[in-house]
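The block underneath contains the structure these notes are about, expressed in structure tokens.
The values are calculated or read from the model by the stated rules, or taken from the named source; none is laboratory data. Note that this is a predicted model, so its numbers are computed, not measured. Because the Cβ atoms are built from the backbone with ideal geometry, glycine has one as well, and the counts that use them run over all protein chains shown. SASA here: full protein model, heavy atoms, side chains in, ligands and nucleic acids out. Shrake-Rupley method; radii C 1.70, N 1.55, O 1.52, S 1.80 Å.
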Amino acid sequence: MPLALAQLQDLRDRISDHLRPWSRSAQFWVRAADIYTSYKVCQLRAGFVKDEDEREAMWEQQHELGAQKMYSLCSELGGLFLKAAQILGKPDLAPMAWVKRLVTLCDQAPATPFVVVRDVVEKQFGKNFDDIFEFFDVEPVGSASIAQVHRARLKLSKADVAVKVQHPGAEHLMMVDIRNMQAMALFLQKYDINFDLFSATKEMEKQICYEFDFVREARAMERIREFLRVTNKKPPVMVPRVIPGMVSREVLVMEFIKGTPIMNLGNEMAKRGIDPGGKIAAMAKQKILSDLTLAYGQMILKDGFFHADPHPGNILICKDTEVALLDYGQVKEMPEDLRLAYANLVVAMADDDFLRAEESFRELGIRTWAITDNKLEELFQLSLRMFDTRLPPGVTVMSPFADDSSLNKIGVESFPEELFSVLRTIQLLRGLTVGMGLTFSCAQHWRPIAEEVLLKAGRQNASKSRNQKRSFLRRLFW
């Protein structure tokens with residue numbers, strides 16, 4: 001009888017595992033359809049309201065409702081939708097009501113029980129758990145969609161380390177989620193948004209597959225750490241050191257870096273008696289943002305190999321305002337021609353060079369169509385919205401998808417998948433700029449790096465003629 005019961009339970013488990021993807025897909029589509037239709041109904045109702053304040057109030061109420069529904073979708077389904085929350089939870093891409101709700105989901109994935117973590121570590125390293133660690137905190141420091149991180153101390157070296165352990169079974173469900181998101185992206189770009197969203201989800205699919213290989217992540221971490229070391233007298237950001245011999249596909253042991261999450265920086269300053277809005281805090285914030293921007297500029301433009309999972313949960317502020325950049329599961333390597341074309345765009349944005357920006361878009365493979373007579377200026381404005389952090393005076397939110405966006409006049413028919421990681425980097429830096437109350441242009445900061453890269457490639461010979469064209473355009477438009 002016990003054997004029969006065990007066999008019956010095993011059969012139930014197998015049936016449950018088989019049906020789980022179907023159940024998950026059904027839950028996603030029911031919730032997504034509810035959010036989408038509620039916005040379309042609000043759009044229809046708002047069209048009949050003449051008073052602007054009343055329309056604005058309708059939309060604010062809708063955003064609050066949509067934010068709650070999206071929060072429920074992401075928090076209850078978890079998995080890939082937690083990653084989606086990280087991307088959407090920025091003022092560049094979502095209403096402020098959404099941002100306030102989704103930003104709270106950082107590192108909120110359900111934790112794998114310690115007994116399972118212990119088993120995974122022992123199987124991956126082929127050693128007894130207690131022979132490896134002198135101390136291991138059973139409560140994770142953070143738990144994300146793919147893995148969770150524990151603080152521990154190695155038995156032999158007595159070194160404090162961070163142990164990253166993959167959630168068993170997470171990869172299969174992630175692939176189910178990405179297929180559903182790709183179908184949704186195709187629908188939205190066909191009927192609502194003039195942007196190549198499907199390419200964004202394809203790039204996300206690639207990066208997620210990479211994230212499940214911690215051996216690859218360790219190699220990426222070491223490569224970026226070494227690049228920043230040899231490029232600078234002092235690296236602008238700290239990168240954790242991988243512990244030799246303690247890396248497998250599902251477990252990664254690295255140096256533990258102690259610091260304050262950047263989202264908690266204001267509170268930490270206040271605890272230490274520093275006015276978060278004062279001059280000392282402003283200087284510290286400027287240094288933090290400059291260091292982070294320099295690191296990304298060097299990675300993207302000089303090496304073309306860069307950290308591609310930029311969100312506040314991966315940034316720590318350490319002693320003396322040093323910045324630590326964590327989590328290298330998502331990295332991106334830009335092809336040489338794309339890297340140089342992007343460097344060209346950076347110079348164009350820094351110089352307000354409309355013609356050079358248009359040339360760079362073509363070179364990058366960004367195909368557009370226009371429904372405006374002023375295509376050149378709108379294309380340049382679109383480039384700033386997507387690829388620079390500067391904001392017009394008095395503006396704190398500048399989204400490519402806003403009502404006044406150039407995307408309503410310039411449609412993006414095709415967008416290189418490799419550039420979506422750059423877009424995410426700009427979103428991060430712009431969000432930090434607004435959050436810290438600073439005025440900052442990453443294009444201006446990256447201009448010397450971009451010029452150096454172009455000069456090295458023999459592509460800065462036409463600067464004189466471009467300056468002449470720029471002067472002409474300034475006279476024409478201003």
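Some points to look at:
- Region 236-248: number of residues that are in a loop (DSSP other than H, G, I, E, B) and under 23 Å from the mean Cα position of the chain (by Cα): 4
- Residue within region 456-466 that is surrounded by fewer than 20 Cβ atoms within 10 Å (Cβ to Cβ), farther than 20 Å from Arg362 by Cβ, modelled with pLDDT of 85 or more and not acidic (Asp, Glu) present: yes
- Complete set of residues in region 428-437 that are under 15 Å from Ala281 (Cα atoms) and at pLDDT below 85: Val434, Gly435, Gly437
- Residue list for region 340-391, restricted to those being part of a loop (DSSP other than H, G, I, E, B), within 24 Å of the chain's Cα centre (by Cα) and of a type outside the set (Gly, Ala, Ser): Ile366, Asp388, Thr389, Arg390, Leu391
- Out of Met174, Met184, Met263, Met221, one residue alone is touching a helix residue (DSSP H, G or I) at 6+ places or on another chain (Cβ under 7 Å) and crowded, with 19+ Cβ neighbours inside 10 Å. It is Met174.
- Here Ala111 passes the criteria (1) open to solvent by 50 Å² or more (accessible area, probe 1.4 Å); (2) touching a helix residue (DSSP H, G or I) at 6+ places or on another chain (Cβ under 7 Å); (3) small (Gly, Ala, Ser) except the one numbered (2).
- There is at least one residue in region 277-287 that is modelled with pLDDT under 95, in the same structural domain as His445 (by the TED database) and either of a type in the set (Asp, Glu) or not in a helix (DSSP H, G or I) (or both).
- Condition check for Asp177: modelled with pLDDT under 85 and not assigned by the TED database to the domain that holds Thr112: no
- Pick from region 120-145, criterion open to solvent by less than 40 Å² (accessible area, probe 1.4 Å) and out of contact with any strand residue (DSSP E or B) (no Cβ under 8 Å at 6 or more places or on another chain), ranking: nearest to Lys164 (Cα to Cα): Ala144
- Scanning region 323-335 for residues that are surrounded by fewer than 20 Cβ atoms within 10 Å (Cβ to Cβ) and either modelled with pLDDT of 95 or more or of a type outside the set (D, E, K, R) (or both) yields Ala324, Pro335.
- Residue within region 183-194 that is under 20 Å from Leu82 (Cα atoms) and touching an Asp or Glu at 6+ places or on another chain (Cβ under 8 Å) present: no
- When region 211-235 is filtered for residues that are in a loop (DSSP other than H, G, I, E, B) and either assigned by the TED database to the domain that holds Ile300 or within 21 Å of the chain's Cα centre (by Cα) (or both), the ones remaining, listed by number, are Phe212, Asp213.
- Of all residues in region 187-202, those that are open to solvent by 40 Å² or more (accessible area, probe 1.4 Å), of a type outside the set (A, V, I, L, M, F, W, C) and either in a loop (DSSP other than H, G, I, E, B) or without any contact (Cβ under 8 Å) to a residue 24 or more places away in the chain (or both) total 5.
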